[in-house]
Amino acid sequence: MYTQALNAPQADDRHLEDADKSARFEARVANEERIEPNDWMPAAYRKTLTRQISQHAHSEIVGMLPEGNWITRAPTLRRKAALLAKVQDECGHGLYLYAAAETLGTSREELVDQMLSGKAKYSSIFNYPTLTWADIGAIGWLVDGAAIMNQIPLCRCSYGPYARAMIRVCKEESFHQRQGYEIMVTLSHGTPEQKAMAQSALDRWWWQCLMMFGPPDGESQHSDQSTRWKIKRFSNDELRQKFVDATVPQSDYLGLKIPDADLKWNATTGHWDYGAIDWQEFQDVLAGNGPCNRDRLAARRKAHDDGAWVREAATAYAEKQRARRAAVAA
Ligand code: FAQ
């Protein structure tokens with residue numbers, strides 16, 4: 001929908017990065033002004049935002065799969081209703097984000113194709129299996145908790161459509177985090193078997209959630225430029241640390257143990273120190289070799305193929321409406 005609103009002459013100008021325009025753009029960003037779709041922007045700003053927003057959209061859509069797996073097996077009607085609503089919310093987030101990415105000039109079809117062909121990344125976390133019901137609690141608590149930590153600063157991103165989309169997304173992610181934590185409270189204060197299930201889920205999701213924030217600052221290719229352009233407000237390591245600091249007391253309340261022998265309070269820094277992350281595992285997952293990469297892409301490709309008739313029907317309907325309007329106008 002947004003692509004139709006693009007101001008064509010200016011959009012066509014976008015590769016002409018003349019010094020004046022660039023200086024004005026940088027000054028606006030420095031002044032905390034929002035950049036809007038029809039504004040001039042450097043090609044590299046457009047490119048990195050298209051990359052980040054579309055990867056974010058793909059993550060929301062692929063992220064429906066691990067939890068969708070448990071909708072039919074939720075233990076009560078109340079849990080089922082909440083999980084169903086959460087998974088639908090993730091779908092909505094994907095749609096707002098594709099719409100925000102389209103304002104930068106690449107069509108949703110092209111972005112989706114990049115994901116289905118394996119060319120575009122989506123969050124590493126969604127390449128892990130959900131083995132028990134406790135995983136649904138751990139995902140809400142930890143994965144949505146990490147997503148909120150990362151996304152609240154994106155509400156102040158310099159690009160208007162992304163920043164505005166994030167406001168609603170973050171409100172919904174807060175509900176997701178609470179529903180997950182509530183599952184963990186119930187399980188960890190339940191029978192010994194339930195508590196063991198909750199601990200096992202924490203053991204299996206903890207390190208992978210720390211990886212969600214991306215490579216360490218020294219190895220993050222995009223951070224410096226994205227920070228200068230006020231797309232990112234905090235570095236990957238800063239956000240990871242905020243997440244650890246917020247989550248340790250929550251795990252204490254649950255009576256669960258974070259699976260990190262090196263985790264300890266550092267009174268000098270006022271933060272929790274944590275152990276070494278297995279970055280080789282992260283790289284393997286990014287290279288397509290995580291436990292569920294192939295299943296996730298196969299499921300998305302099948303859904304896309306199965307949905308072809310819906311896209312065809314929508315196009316035919318739009319064409320019929322257009323023809324009717326043209327006949328009335330004639
Ligand atoms: N997984 O230079 P950096 C959610 C890639 S939504 C996969 O540090 P950047 C909601 C990165 O793209 C979760 N790839 O990159 C939910 C880049 O590759 P490229 C998603 C990763 O952009 C909950 C390369 O590594 N959230 O959970 C990952 O400055 C429950 C170098 O990295 C977002 O996307 C990773 N973990 O920082 C849904 C938030 N980390 O593009 C369902 C928006 C890094 O050059 C259920 N995104 N890479 O090929 C961001 O904030 C940033 O893009 C980062 C990475 C922080 C992810």
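The values are calculated or read from the model by the stated rules, or taken from the named source; none is laboratory data. Owing to the predicted nature of the structure, the values given are computational and were not obtained by experimental measurement. Every residue, glycine among them, receives a Cβ derived from its backbone with ideal geometry; neighbour counts consider all protein chains shown. Heavy atoms of the whole protein, side chains included, go into the accessibility calculation; ligands, DNA and RNA do not. Shrake-Rupley method; radii C 1.70, N 1.55, O 1.52, S 1.80 Å.
Please state which one of A27, A19 is modelled with pLDDT under 95, away from the ligand (no atom under 16 Å from the Cβ) and small (G, A, S). After applying the criteria, what remains is A19. Residues of region 128-144 that are in a helix (DSSP H, G or I) and surrounded by fewer than 24 Cβ atoms within 10 Å (Cβ to Cβ): W133 alone.
Candidates are the residues of region 31-69 that are hydrophobic (A, V, I, L, M, F, W, C) and within 12 Å of the ligand (Cβ to nearest atom); the one that is surrounded by the fewest Cβ atoms within 10 Å (Cβ to Cβ) is L65. If you check A134, A120, A81, A101 for being touching a Phe, Trp or Tyr at 6+ places or on another chain (Cβ under 9 Å) and small (G, A, S), only one passes: A101.
Can you spot a residue in region 199-206 that is aliphatic (A, V, I, L, M) and either without any contact (Cβ under 8 Å) to a residue 12 or more places away in the chain or in a helix (DSSP H, G or I) (or both)? Looking through region 199-206, at least one residue is aliphatic (A, V, I, L, M) and either without any contact (Cβ under 8 Å) to a residue 12 or more places away in the chain or in a helix (DSSP H, G or I) (or both). The condition (being open to solvent by less than 30 Å² (accessible area, probe 1.4 Å) and more than 27 Å from K195 (Cβ to Cβ)) is satisfied by just one residue among I231, I258, I277: I231.
Out of the residues in region 156-198 that are of a type in the set (F, W, Y) and surrounded by fewer than 24 Cβ atoms within 10 Å (Cβ to Cβ), which is farthest from P42 (Cα to Cα)? Ranking the candidates gives Y181 first. Listed by first and then second residue, the pairs with beta-carbon distance under 7 Å, at least 6 apart or on different chains, first residue in region 63-74 and of a type in the set (A, V, I, L, M), second open to solvent by 50 Å² or more (accessible area, probe 1.4 Å), are I71/K80; I71/L84; A74/K80. Considering only region 155-163, I want to know if a residue exists there that is over 25 Å from K302 (Cβ atoms) and within 11 Å of the ligand (Cβ to nearest atom). Within region 155-163, one or more residues are over 25 Å from K302 (Cβ atoms) and within 11 Å of the ligand (Cβ to nearest atom). In region 115-133 there is at least one residue matching the filter, namely being over 23 Å from L286 (Cα atoms) and either modelled with pLDDT of 95 or more or within 11 Å of the ligand (Cβ to nearest atom) (or both).
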